[in-house]
Structures are given as structure tokens and as C-alpha cells.
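Novice: Please read through the structure below; I'll follow up with questions.
Please treat every number below as a calculation from the coordinates, not as lab data. Model, not experiment: these values are computed from the prediction. Note that we place each Cβ from the backbone using ideal geometry, even for glycine, and neighbour counts take in every protein chain shown.
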Amino acid sequence: MSQAAAVAERSPSSTRGQSAGSDFAPLLRTVKEQGLLHRRTGWYARTIAVNAGALAAVCVGMFLLGTSWWVLLLAPVLSVLCARTAFIGHDAGHSQITTDRSVSRAIGLVHGNLLLGMSSAWWNDKHNRHHANPNHIEKDPDVAANVLVWTSRQAKVRVGFRRWLTRNQSWLFFPLTLLQGVAMEIYGFQDLRRQAPRERAVEGLLLVAHLVGYVTLLLAAMPLGHAIVFAAIHQALFGLHLGLAFAPNHKGMEMPDPNGERWGHLRRQVLTSRNIRGGPVTDWFLGGLNYQIEHHLFPSMPRPHLRLAQPVVREHCAAVGMSYTEAGFIDSYRQVLRHMYEVGEPLRVE
């Protein structure tokens, strides 16, 4: 279990002006009593098996259709399956699948490094820091100033090409997500320098194995021209799918003041997160991340239990007078883009 998950689900720490335990402990107790933190190993075993079978079927289809341009129809299918693979790796990183750390790491390495070319060590380090302090401008790497910015203070110091990006970031956001899949692969290779020697050897070997295997598969299944177009479509749609899954979760939500009162666990996770309303299709397409509030409150909760925990969490938030934010699928992206537009607005009126 990650450090953030362990702290959240065992004993919330006290904070200035607020007893974190007084707000979160009753909710945690209810969730435990309902068995919602119990692992669903069988559910995950079936999910992993079905996903592996579907990936294998697509690979067979690539060889059968490789000499025809019809093979390109399999690229979007593969991008969706790769997103499913990423969701499994994400859940493994949070110990949602099993409490055995070695098994969780093995699942993460296979689904992240080997199948996707994304370093699980890089992802877990970055993602755990995000979970510990979501939307905290100084501690959450997801809101650090990079290609995009999330506060007016970040926007004011942008210069040159980055200033142009910020002025237009609301229009560029989704086009930029087309590059997200490739960018995450690059970040993984860059992160190898940070890792311990043994971890670096395993992670690096699997990342190289993925790259070699991916290129070999494409060139063995189809002509070079087909392979280049197939890879472009696959990687772009994979990045877009990840962007659609992650973008609505926190962007445009409250951001704790680094110099203000320290928030307790319940407030820190609920007020910075946004849920997406929907049914089974939304749950499947977003990998359960549409229950972002529940996921942040209980990072190790198995994915199929998140929807079961939602009524309990919503009722508890109402009882303690805390807002609980939900939005429709389309409206959530509208809110995200509006926030990005407002952050860049001062640079457009100069």
C-alpha cells in the first residue's frame, strides 16, 4: 500500500484548527463495517484475463489485416485496450488488487512497463505525491507549472513561447493530450536516473522490451507505411483517452493556500476532487476514476466498490456540511476548459 493510502485509511493525522479524525473517522468506520475495503481479487483476475485476451485478439487481427489499410480500424480499439491496461496498472499501484506488495509490483511492471512502456516506479512516485496533497501548488506535481499552468500566479511569469501556450491553453488542451501517451513513455526513461540500481535495471529492461516488441509487432504485421500511420493513430488516441480520464478529476476545483490553514484529510480530498455522473459505460470508460472523491478518500478501495461507497460518502459530506461536487460527462470538461481559459485571460488582455 502506498504511504498516502496507508495514512488515509489507518489514522488521519490531526491538523491545526480541525480534528481530522472527528470528520473522517466515522466515515472510515462505516466503510470498513460494510466491507468496502476488502479486496476483489476474483473481479480483478477476470478483468486482467479479459483485457489480455482482447489485446491478443487485436494482435492476431493486425497480422490478418496487415496488408490492407483496414488494419487501421484496429488502432482505436488498441488505444482503448491500452487505457484499460493503464487503469489496471493504476489500481495495482494503489494496492487495490491485492495487499501483497510484490504481487502488486509485478502487476504494475507487466501492465505499465512491459505492455505500455510507462514506468510504474515513475508513475507511483508522482501519483502518490499527488494523492497526498491534491491541487496543492507546491506539493502536487500535477499542478506544477509545465506546458500548462493552473493559477494566475503561474501565468504571470510565463515568457516567450510558453506565454503563448498559456494564452491559448484552453484551446490547446485536448490537442496536447494526443501527445500524452508518448510523453509518459519519455518521462519513464528520464526517471531511471532517480531510481536505485536494482529498480533501474528491472524498469529499464522492461521499458526497452516494450519498445522493441512494439516496433517488431508493427513491422512484422504490416508494411512500413501502414505501421507508421497505425502507431500515430494508436498513440494519439491512447493519450486522448488518458486525458479524458484524468482531466476532470481536479482541474478547476479548490486549491489549498500554501500559507493558509492546513486541511484535514476529508476536506483536502473532497474539496479538491470532482466526480463524473454516469452509469456503467462511464464507469468502464473512465476506469472508475469518475468516482474521484471516493478514490481519493480511500485510495486502496477496489474499483468495483467505489460506486457502492458513493452514497455513504455523499451522505457523510452532507452531514458535516461539506460540499460534494459532481458534474455530467460533458459539463466536467467545460468546467476544466473554463478554468484554463480564465487562468490565461490576463495574458490575452495586455
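Novice: Each residue of the stretch 89-104 in order: what ³J(HN,Hα) in whole Hz does its phi give by Karplus 6.51 cos²θ - 1.76 cosθ + 1.60, θ = phi - 60°, with x for Gly and Pro?
Specialist: x, 4, 5, 5, x, 9, 6, 6, 7, 8, 7, 6, 5, 5, 5, 4
Novice: Given points 7 Å out from each Cα along the Cα-Cβ axis, report the T151 to V208 separation in nanometres with one decimal.
Specialist: 4.2 nm
Novice: To continue, here is another question. Assuming a ≥ b ≥ c are the square roots of the Cα gyration tensor eigenvalues, decide whether the stretch 254-311 counts as rounded (a/c under 1.5), prolate (otherwise, with a/b larger than b/c) or oblate.
Specialist: The shape class here is prolate.
Novice: Cross-link partners among lysines for K139, C-alpha distance below 26 Å, same-chain residues fewer than 8 apart left out?
Specialist: K126, K156, K251
Novice: Please identify, among G321, G35, G288, the residue showing maximal mean-square fluctuation in a Gaussian network model of the chain using a 10 angstrom Cα cutoff.
Specialist: Highest fluctuation of the listed residues: G321.
Novice: Quick one: among W263, W164, W122, which has the greatest mean-square fluctuation in a GNM of the chain with alpha-carbon springs under 10 angstrom?
Specialist: W164
Novice: Once phi is turned into ³J(HN,Hα) by the Karplus curve 6.51 cos²θ - 1.76 cosθ + 1.60 with θ = phi - 60°, what whole-Hz value does each residue of the stretch 297-307 show in order, with x for glycine and proline?
Specialist: With coefficients 6.51, -1.76 and 1.60, one gets 5, 9, x, 8, 5, x, 3, x, 8, 4, 5 Hz.
Novice: Now for a separate question. Excluding N135 itself, calculate the net charge of residues whose Cβ lies under 13 Å from the Cβ of N135, where each Lys or Arg counts +1 and each Asp or Glu counts -1.
Specialist: Once positives and negatives cancel, what remains is +1.
Novice: Contact order normalised by length for the chain, with contacts defined as Cα pairs under 8 Å and 6 or more residues apart; what percent is it?
Specialist: 27 percent
Novice: What number, rounded to the nearest 500 deg cm²/dmol, is the helix-based mean residue ellipticity at 222 nm of the chain, given -39500 (n - 2.57) per DSSP H run of at least four residues and division by all its residues?
Specialist: Taken over the chain, the calculation gives -20500 deg cm²/dmol.
Novice: May I ask for the percentage of alpha-carbon pairs in the chain that lie more than 32 Å from each other?
Specialist: Percentage above 32 Å: 34.
Novice: For a quick check: with amide H placed at 1.01 Å from N, whose amide H comes under 5 Å from G252's, ignoring anything fewer than 5 positions away on the same chain?
Specialist: none
Novice: What's the exposure ranking of V110, V71, V270, V212, going from fewest to most Cβ atoms within 10 Å?
Specialist: V212, V110, V71, V270
Novice: Can you pull out the GluC sites (Glu not before Pro) in the stretch 136-235 that DSSP calls coil and that have at most 16 other Cβ atoms within 10 Å?
Specialist: Answer by residue number: E138.
Novice: Okay, next question. May I ask for the Kirkwood hydrodynamic radius of the stretch 134-240, worked out over all distinct Cα pairs and given in angstroms to one decimal?
Specialist: Taking the inverse mean of 1/r over all distinct Cα pairs, the stretch 134-240 comes out at 16.6 Å.
Novice: Using Cβ contacts closer than 10 Å as the measure, can you line up K156, K126 from fewest to most?
Specialist: Neighbour counts put them in this order, fewest first: K156, K126.
Novice: Right, next: On a 0 to 90° scale, report how tilted helix 329-348 is relative to the longest principal axis of the chain, with both axes built from alpha carbons and the result rounded to the nearest 10.
Specialist: The two axes meet at around 80 degrees.
Novice: Can you tell me how the stretch 193-263 classifies by the Cα gyration tensor, rounded, prolate or oblate, using a/c under 1.5 as the rounded cut?
Specialist: Verdict is oblate for the stretch 193-263.
Novice: GNM, the chain, Cα, under 10 Å: largest mean-square fluctuation among Q195, Q180, Q154?
Specialist: Among Q195, Q180, Q154, the largest GNM mean-square fluctuation belongs to Q195.
Novice: Which cross-chain or sequence-distant (5 or more) residues have an amide H under 5 Å from the amide H of A327, H modelled 1.01 Å from N in plane?
Specialist: N275, I276, R277
Novice: Please rank R84, R193, R314, R153, fewest neighbouring Cβ atoms within 10 Å first, as an exposure proxy.
Specialist: R193, R153, R314, R84
Novice: Sticking with this one: How big is the stretch 222-350 along each principal axis, measuring the range of its Cα positions in Å and listing the largest first?
Specialist: Ordered largest first, the stretch 222-350 gives principal extents of 61, 49, 24 Å.
Novice: Okay, moving on. Please determine, in degrees from 0 to 90 and to the nearest 10, the orientation of helix 224-246 with respect to the longest principal axis defined by the Cα atoms of the chain, where the helix direction is its Cα long axis.
Specialist: 10 degrees
Novice: If you don't mind, another one. Applying 1/(1 + (r/R0)^6) with R0 = 41 Å to the Cβ-Cβ distance of S323 and F63, what FRET efficiency is obtained, to the nearest 0.05?
Specialist: 0.20
Novice: What does the extension gain come out to for V103 and V77, with contour length at 0.36 nm per residue minus their alpha carbon separation?
Specialist: Roughly 6.6 nm would be gained on extension.
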